Amino acid sequence: MSLVGPRPYLPREFEKMGGYRKTILKTLPGMAGLWQVSGKNELTFEDRLRLEEYYVRNWSLWLDFIILLKTIKVVWRGEG
């Protein structure tokens with residue numbers, strides 16, 4: 001497991017992932033992720049998958065840093 005990355009998925013969720021599955025599962029899951037700091041429970045499952053795919057395709061240290069900063073903000077405000 002990584003500090004930042006896509007969330008770990010349950011085996012029963014794999015078939016719902018469709019074409020996103022192959023891309024998302026290429027990387028280690030993380031404790032913090034892009035969709036968790038981008039609307040969390042207000043997002044549909046499809047929106048979450050899009051954000052996770054975006055993260056995998058556009059990974060950078062800078063993106064991880066931004067996600068970590070947003071995670072701290074969400075936790076500090078009690079939103080997460």
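Any read-out appearing in this document is the output of simple, stated calculations on the displayed coordinates, not a laboratory observation. None of the values given here were measured: they were computed from a predicted structure. Because the Cβ atoms are built from the backbone with ideal geometry, glycine has one as well, and the counts that use them run over all protein chains shown.
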Report, by residue number, each residue of the stretch 16-37 that is under 18 Å from Ile66 (Cβ atoms) and surrounded by fewer than 16 Cβ atoms within 10 Å (Cβ to Cβ).
Thr27, Met31
Can you tell me which of (1) touching a Pro at 6+ places or on another chain (Cβ under 7 Å); (2) free of Cβ contacts under 8 Å to residues at least 40 places away in the same chain is the one Tyr9 doesn't meet?
(1)
